[in-house]
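**Student:** Once you've had a glance at the structure underneath, I'll fire off some questions.
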Amino acid sequence: MMTRSPQGRTNRLTRPSIAVAAAVAVTAGVVAAAPDARTAEPTPKLSLIAASTSVTLDSWKDDPGVYLDLGTYLTSENGAFELKVTRKSYKDPVVATQVLRNGKKTTTKALPAGLVKDFSGLPGFAQISVTDAAGKTVLKQTEAFCPNNASGRIRPDAPANSKYPQSCPVNPFTLGSVWGVENGWASNTYAGYYAKPVQLAAGSYTAKISVTKKYRDLFGIANKPQTVKVTVRERSWEEEEGSGSVPRSAAPQSAKSAAGQPGHQGHTGHGGHEGHQQAADAPAASAHAAHGAPARPEAPAARTTGAAPTFNVGHGPYPPAPPALPWALKKESLQRQAFSAAKVGDRPGQTDGSRQAPAARPNAKRPTGRATVPDVPKPDLRSLPAYGITVNDGYEEKAGRDYLAFSANVWNAGPAKLVVDGFRSPGKELMDAYQYFYDAKGKQVGYTPTGTMEWDPRPGHEHWHFTDFASYRLLKADKKESVRSGKEAFCLANTDAVDYTVKNANWHPDNTDLSTACGQENSISVREVLDVGSGDTYTQDLPGQSFDITGLPNGTYYIQVLANPENRLKETNHKNNSALRKVVLGGKKGARTVEVPAHELVNAN
C-alpha cells in the first residue's frame, strides 16, 4: 500500500497542537483498598472510576465539536500496572508484555498477539455511550487508552512521582515503549488528541463509560460502568470578548483560520548549511508552520489544571500522546475557568505549555589537560528511516519549484547518553565542542574535542547548533550515487521516545525544549544532551533543507539519513548510522508527486 501527496498542493509538515482536557476531581479514598487487601493479591487491581458525577463541556460556534473528556480514570492498586511494548525489527509485529513486580521478583505475562498494532495505546479500551434527555442514544464509540496519559495520585501514601514516561510515542518507527499506571495512581482514559471531537448540540446528556470485555477479562477489571451527567454549552468568542472574560488570543483556531496563522513549531531544518532538528523533543522551530494543510484546532484546558496545549515531544509531523501532567486529583470537582491557549513555539519557560525543562548545565570552564577517550560505556547513534514525506512548491521563498520534504530522526540506543559541551572564546563566532565520557557511577572520566557549535540567528531558531551531527542524501535507485545532499547542524534535544526498553533508557529526559537546552546568542557555553532511548527529529520542509527535485527525472530514489557522518563523535558502533527510505517520484514540473511504499511492516509515509 502506498500514499501519494496531491499534485500541486503545498503539503507542509505541521505539528498540530495537542488537545489536553482538564483533569477533574477524584474523591479521596474511592478506590483505596484496605492495606491487607493490597498485599494479599499478587497482581495489580485495576478499576475504572469517575472523578465527578457531572461535567460541563463546551462547543464553540466558530469551531463546532465537543472534546469528550468525561473525567474517567483507570486506577491501579496492589502494585503498578506496567506493559512493555516492543518489536524486534520493522519486519516484526508490535507485541505487548505485562510486567509483574513483587518485591525483588519480576515476572512477565505475554499478552495476546495482535492486541496492539502500534505504540499509541491499547485500542478499543473504553466503550462510551451517550444518551440525550429523552433517553435516545446519540453517540456510541470506543476509544484507545494510553496508560501514560494525564495522571495523579489517588491516595496520600502513594509514590510521590510516577516512574512511567509521560506519553505514548507515535513516531511510526518507534521500536520500544513502556506504559504504566503507578501504584496508587489513576490515569485518564480520555484519548486526548487522538479522540476526534464529537457533534453534540447544547443540552443535557448522560454518558455511560465502561472498559470493553476483552480488557476486563485480560486484566481482571470488574464490570462497573461509570455514569456521568454531561452538560454541553454553546459558546462564541464574540460573546466572551463582549463580556471581557476571555481574551481573543485564547480562542482556539478553526481549521479555516489556522491556515495562514503561525502554527505549531517543531525541529524544522536547522543550520546555515544546505539544510539543517528527538523521539520526542527536538530543536528549533520554524516560522512557516502555516503553510499547507491547516493545523487541527486546539482544545484549551482550564487554568485550574495548569495544563495548556502541548508543543514539545517531537518536531516531526506526528503529535505525541497526551502527556502525563502531574495534576493533583482533588476531593471537589475543579471549577472550569476561562480557557487559555499557550503561544506556539519554543521559548524560555515554554516546553509543553505546562512543564519547564531546565537547561542541562555545561561545565563551568573549558576542559584542560590531555584529551582522553576512556574505556567506558558510550552512546550508540542510529538513524530512523525518513517519514512524513511529501512534496511542496517552495512556498513564498522559492515558489514554483518542487521540493521533497521529510522528517528525519537520529536516536541514541545507549548504553550511555551523548553529552556535548560548547565553549566560546570571547569575541569568537563559533564555540569549540567537546564530547564527555562518564563511568558507571556518573563520574566524568574523560573528554575529546568534537567539532564546533554555531549560532543560528534565523527567526524561530535562535540557538546554538552542533555541527556535523547528521547529513541527508537523496540516492539514486542503486542506493549508491547521491544526487542531492545536505550537511546538517542540530540543537540536540530529546524529542521522540524511540526505544525506552534499551539498557539505561531515561524515561524522563530533561532537555525536551530547545530554548532551554540550546542557549542564547550571548551564551558563553552550552550543553546539549541526547539521552538513552530518545531521538531528535528534524522536519526538513523548507528550501535549503528539503531536496530540490525540480529537475530530477521521475523514478525510484532513496532518502538516506546518516548520523555522525564525519565520525567525530565517539560511539559503540559506527556501522548502524545509516537508514534508507524508498520513494517514487512522479508527475510534472510544478506538480510533482511522491509515492512512499511501506517500509517492511511500517506503512506510514
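**Student:** Using a 1.4 angstrom probe on the protein heavy atoms only, line up GLU454, GLU566, GLU82 by accessible area, largest first.
**Tutor:** GLU566, GLU454, GLU82
**Student:** Once amide H atoms are placed 1.01 Å from N in the peptide plane, what residues at a sequence separation of 5 or more from ALA604, or on another chain, have their amide H within under 5 Å of its amide H?
**Tutor:** HIS599
**Student:** Exactly which trypsin sites (Lys or Arg not before Pro) in segment 65-131 are in a DSSP loop and have at most 16 other Cβ atoms within 10 Å?
**Tutor:** Here the trypsin sites (Lys or Arg not before Pro) that fit, given the DSSP loop and packing criteria, are LYS88, LYS91, LYS104, LYS117.
**Student:** Which ³J(HN,Hα) values in Hz, rounded to whole numbers, follow from the phi angles of segment 44-57 under the Karplus curve 6.51 cos²θ - 1.76 cosθ + 1.60, where θ = phi - 60° and Gly and Pro get x?
**Tutor:** x, 9, 9, 9, 9, 10, 10, 5, 8, 7, 8, 9, 10, 10
**Student:** Under 5 Å between amide H atoms, partner at least 5 residues away or on a different chain: which partners does GLY414 have, H built in plane at 1.01 Å?
**Tutor:** It is ASP380, GLY533, by chain and number.
**Student:** Can you pull out the trypsin sites (Lys or Arg not before Pro) in segment 535-605 whose DSSP state is coil and whose Cβ has at most 15 other Cβ atoms within 10 Å?
**Tutor:** Listed in order of number, the matching sites are LYS575, LYS589.
**Student:** May I pose another question? Under a Cβ-Cβ cut-off of 13 Å, what is the net charge of the residues other than ILE128 that fall near it, where Lys and Arg count +1 and Asp and Glu count -1?
**Tutor:** So the surrounding residues net to +1.
**Student:** A follow-up question, please. Which far-off residues, 5 or more places away or on another chain, put their amide H under 5 Å from the one on ARG235, with H placed in the peptide plane?
**Tutor:** SER59, TRP60, LYS61
**Student:** Using θ = phi - 60° and the Karplus relation 6.51 cos²θ - 1.76 cosθ + 1.60, list the HN-Hα couplings for segment 405-420 in order, rounded to whole Hz, with x at every Gly or Pro.
**Tutor:** 9, 6, 10, 10, 10, 10, 10, 10, 7, x, x, 10, 6, 8, 10, 10
**Student:** Short version: ³J(HN,Hα) in whole Hz for each residue of segment 520-529, in order, from phi by Karplus 6.51 cos²θ - 1.76 cosθ + 1.60 (θ = phi - 60°), x for Gly and Pro, what are they?
**Tutor:** These are the phi-based 3J(HN,Hα) values: 10, 4, 9, 5, 8, 7, 9, 10, 10, 10 Hz.
The values are calculated or read from the model by the stated rules, or taken from the named source; none is laboratory data. None of these values were measured; they are calculated from a predicted model. When we count neighbours, we look across all protein chains shown, and the Cβ atoms used for this are built from the backbone with ideal geometry, even at glycine. Accessible surface areas use protein heavy atoms only, side chains included; no ligands, DNA or RNA. Shrake-Rupley method; radii C 1.70, N 1.55, O 1.52, S 1.80 Å.
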